[in-house]
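Here is the structure we will look at.
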Amino acid sequence: MPHYLIAQSELPDERQARRKRAGKSSGETYAATLKQMQPGVETSIVSPADEDGAMPSVERLAAFDAIFLTGSPMHVYDDGPEVRRQLDFMTRVFAAGVPSFGSCAGLQIAVAAAGGRVRKMPERMEAGIARRISATEAGRTHPLLAGRPASWDAPAVHGDEVLELPPGATLLASNAVTRVQAAEIRFDRGVFWGVQYHPELALREIAIAIAAQAADLVEAGLAEQEDQVRARAAEIDALHDAPDSRTLRWRLGVDGEFAEEGLRRREIANFLDNLPGLRG
């Protein structure tokens, strides 16, 4: 069976806080998702941003079948030791030639490591549901987005975004809020596929995340009161338990691409299907 490495950039306190809220760290969520999609698969988790975190060698990284980068609260434009360690890790991943996939901060880390730029979103956050994501001309025929309709919604929680893709990157999808919603990056010997949204997350995890950031979402102008955020979180949580509910889909304005687990995970499934051809 394949052996995948999952790199989580949450720091220890952040991982513990997420476990208290959602039951898992971001890396543990990725591991659970991959094991559901490929029963029997082997996963290992590393935390390269930690001060005492192990930094695998290029040779060690090359032994894995794929590497996954999780989301996290990390701001990759902050020049601190945690960010530098995470970028060093991603540089080694590219040098190893092992295919990699990342979501949210995982995309941003790959962008920065390959020479692109990330910034704080200038106007507002994108939280709960990323609306009307559409493939670019290149994305319409790219295998990462195979099976996606012309426009789709996806789970998302982020206040940072990619400002500039690095040389050798291809923009695959955008929406009105965030220009870089999906991209391919080719750097050194590696190929990275990434999305700004969260195909790995269960809807309940998205609900927990936005409820925990209610004050931030009010400050960002996405809601007038924190109760409104909690009400939206409750609807998304209810959809987790009843993904076929017409009432909940109508109230949230979503279809199966957001509500159904298998469709929501489409990018991860496409990445796994294409691994043999992505090896550097």
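Kindly indicate whether residue 200 is in contact (Cβ under 8 Å) with a residue 24 or more places away in the chain, open to solvent by 20 Å² or more (accessible area, probe 1.4 Å) and among the charged types (D, E, K, R).
On the way: in contact (Cβ under 8 Å) with a residue 24 or more places away in the chain: yes; open to solvent by 20 Å² or more (accessible area, probe 1.4 Å): no; among the charged types (D, E, K, R): yes.
No; evaluated as a whole, the condition is false for this residue.
Would you mind listing the strands (runs of 3 or more DSSP E) fully within the range 127-196 where at least 2 residues are β-branched (Val, Ile, Thr) and under 22 Å from residue 112 (Cα atoms)?
Values: elements: 151-158, 160-164, 169-174, 182-187, 190-195.
Strands (runs of 3 or more DSSP E) meeting the threshold: 190-195.
For a quick check of your reading of the model, give me the residue pairs whose first member lies in the range 32-59 and is basic (Lys, Arg), whose second is open to solvent by less than 70 Å² (accessible area, probe 1.4 Å), with beta-carbon atoms closer than 7 Å and at least 6 apart or on different chains.
These pairs meet every condition: 35/41; 35/43.
How many residues are under 21 Å from residue 204 (Cα atoms) and either modelled with pLDDT under 95 or over 16 Å from the mean Cα position of the chain (by Cα) (or both) when one looks only at the range 26-46? Before the answer, list the steps.
Within the range 26-46, the subset under 21 Å from residue 204 (Cα atoms) is 26-37.
Filter again for either modelled with pLDDT under 95 or over 16 Å from the mean Cα position of the chain (by Cα) (or both), leaving 35-37.
Matching residues across the range 26-46 total 3.
Within the range 148-169, does at least one residue satisfy the condition of being at pLDDT below 95, open to solvent by 10 Å² or more (accessible area, probe 1.4 Å) and at positive phi?
yes
Working only within the range 235-261, note down all residues that are in a helix (DSSP H, G or I) and open to solvent by less than 60 Å² (accessible area, probe 1.4 Å). First the steps, then the outcome.
Restricting attention to the range 235-261, the residues satisfying the condition of being in a helix (DSSP H, G or I) are 235-241, 246-252, 256-259, 261.
Matches in the range 235-261: 235, 236, 237, 238, 239, 248, 249, 252, 256, 257, 258, 259.
Within the range 106-134, restricting attention to residues that are farther than 25 Å from residue 272 by Cα and in contact with a Gly (Cβ under 6 Å, 6 or more places away or on another chain), which residue is most open to solvent (accessible area, probe 1.4 Å)?
124
The values are calculated or read from the model by the stated rules, or taken from the named source; none is laboratory data. Everything numeric in this text was worked out from a predicted model, so none of it was measured. Cβ coordinates were reconstructed from backbone atoms using ideal geometry, including for glycine residues, and neighbour counts include every protein chain displayed. Only protein heavy atoms, including side chains, enter the accessible area calculation; ligands, DNA and RNA are left aside. Shrake-Rupley method; radii C 1.70, N 1.55, O 1.52, S 1.80 Å.
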